[in-house]
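The values are calculated or read from the model by the stated rules, or taken from the named source; none is laboratory data. The shown structure was predicted, so the numbers you read here are calculated from the model rather than taken from an experiment. So basically every Cβ, Gly included, is an ideal-geometry build from the backbone, and we count neighbours across all protein chains shown.
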Amino acid sequence: MKVTIHHIGTNKFSLDIDVPNNCTAKEAMQNYLPSKYRKLLSQDFTLGIWGTNLDGKFLPMPESYRLNENDRIEVYYPLVVDPKDARRAKAKKD
């Protein structure tokens, strides 16, 4: 089954991988993502599927979410700068 891993950050990549049926999102990231891409991920990230966090609220946690054909696994990082603070700093500079 094909899924896509989509990573936006300093090292952008979008990669199609083959995973077995009943594979979880966590298993896909740990076992089926090539090591050269795994090295690009920082330790502090969460996962989502098609824009929805795998946080146990709307979708299960990554270790229990069973992937479907053509799912897009997205890698999310915490915000470095609060957007409100960034706008204030920009307005103050102008």
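Please enumerate the residues belonging to segment 1-29 that are farther than 13 Å from VAL75 by Cα and loosely packed, with under 12 Cβ neighbours inside 10 Å. Write out each step before concluding.
Here is the first cut: in segment 1-29, the ones farther than 13 Å from VAL75 by Cα are 1-3, 16-24, 27.
Residues satisfying the conditions are LYS2, ASP16, ASP18, PRO20, ASN21, ASN22.
Among the residues of segment 11-50, which ones are without any contact (Cβ under 8 Å) to a residue 24 or more places away in the chain, in a strand (DSSP E or B) and more than 11 Å from the chain's Cα centre (by Cα)?
The answer is LEU15, ASP16, ILE17, ASP18.
In segment 64-94, which residues are assigned to a loop (DSSP other than H, G, I, E, B) and either surrounded by 11 or more Cβ atoms within 10 Å (Cβ to Cβ) or at pLDDT 95 or above (or both)?
Initially, segment 64-94 is screened for residues assigned to a loop (DSSP other than H, G, I, E, B), giving 64-65, 67-71, 77-82, 94.
Result: SER64, TYR65, LEU67, ASN68, GLU69, ASN70, ASP71, TYR77.
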